[in-house]
Structures are given as C-alpha cells and as structure tokens.
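One structure below.
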Amino acid sequence: MRIIPQDALDRYVCVGETRLDGQIASIGGALPAAVAANAFGMGLICPFDNGPETASAIDMDILGPRSLIALSNHFKGLAILERPVRDELAAPAKPMDLREAKGQEVPKRALDVTAAGGHNLVLMGPHRSDKSMLAQRLPGILPLMNAKELLEPPRLSWAAPIFTPISGARAVDRRHESLPLRPWGVGKGTCGKAPRCLLDYQGRSRPLMDRIDLQIDVPQVTSTDLALPAPFEGSAEVAARVEIA
C-alpha cells in the first residue's frame, strides 16, 4: 500500500498484535524476541506496553508504538518515536547472611565450593536440620553475573512456570507428579523400617544422584551449636573469596 517506505522495516524485527482499531496490544515473549533480534544486529518494533521491559534488559534500537498510525508517522518523519523508557528496577532484596547459620561447617564449606565452581549440590538430612536455611543463603555468595547472564532471570520469569503448586505438600507439572514423603531420621514420624527404607528409596534415585556433583549430609543442629557466638566469616567474606576463584 506504500504507506511507509518499502525498505523502512528491513533492519527491524516486528512483534505485536494489532486490534481492529489499529492499536497494538502487548504480548508475551517480547524480551526473548529482543535478544534474538539483537543477536542478528537488528532493531525491535514491539508494542508500547512491552517497551520498558525490553529497554531495561538490553541496549539496542527499540521502537514501541501505541498504534499502526504512530508507527507510520514515525517512518514518514511526522512524529518521531522516542526509545522506550527503561523500567525503574527495584532495589534487590538484601541476601541472607551465612553468619546467621551456626555450626554446620561442612555444609557451609560445600556452599563455598558450589558457588566457586558452579557445581550441582544436594543437601540431605532430617527434618529441621537447616537444609533450607543454608540453601537460601547460597545466592548471597554467588559471583556477579555478566551482561549475558543478567538477561536470563527476566527471560525465565517470562516463560510459563514448570511447576504449578496445588497444595503445600504436592506439586504437579505437565509430565510428572511429586508426592510428599514421610519424615526421615529419628523421632516422631519415622517409620519402623528406618534406616533401611531410606536407603532403599535413595537407591531408586541413584541415576539422578549420579549427576549431582556434591551430596552433603546435614545433621541436626545441637543446642551446643546454637549457644555458640556468631561465626566470624559471613556471606560477604565468602563472596569475596568466590569472586577471586
């Protein structure tokens, strides 16, 4: 129809959904489209509402028109579109500190090695043995991400979640089902066949466990451990060592 110059869009990847009134509706997947376009050295034309997310994540030529008329006017030189404004990024939450974990010197050393070497890690132990508490402190000692790695979290957050929680004790995805297990270790809730039942169950997971680099047993924290003063080395000291490694 020769509404805009024929070669105007040659260097752009265009994504979006147009309404009957010519308005351009927002879409999912604008950020992965921007990453792909940038890899080919091209710019991106995306819906206005998707502009801030793409502009925040990657430095490239981006146009975010509200309508087809606005896009046409841009290429005709009648009303030039400005680059979308970056989203204001929220300040990251303060990471949990390893200094809050008393005792558990072997598991804490395993976190150190995991962060420095990029290993897989599984923490195994009885109920209330601080497995979750330790795992929650791993992000605070990971090395800083490079520019490419910074794009991964928003790309993953856009993708549909693999697991859909149904209740506190069960999760289901499109292929598999996970069911709760009885507590293991000692005390109330342990089945009468322990520890044999535990070893039998772990044996079934051996093909998976063979692919985990570090498999660490986490004992329950004793009252003596809890009475100790806070350890001298916290997440900041470990993170500095990891960054050097």
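Values in this text are rule-based calculations from the coordinates and carry no lab data. This one's a predicted model, so the numbers in the text were calculated from it and none came from an experiment. For neighbour counting, all protein chains shown are included, and Cβ atoms are generated from backbone atoms with ideal geometry for every residue, glycine included.
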Distance (nanometres) between label positions extended 7 Å along Cα→Cβ at Leu78 and Glu243: 5.3 nm
Neighbour-count ranking for Leu208, Leu63, Leu68 (other C-beta within 10 angstrom, fewest to most) reads Leu208, Leu68, Leu63
Provide the FRET efficiency to the nearest 0.05 for the Leu20-Arg66 pair, computing r from the beta carbons and using R0 = 25 Å. 0.95
So for Asp59, Asp7, fewest C-beta neighbours within 10 Å to most, what's the order? Asp7, Asp59
Å³ per residue of the Cα convex hull, for the range 12-76? 69 Å³
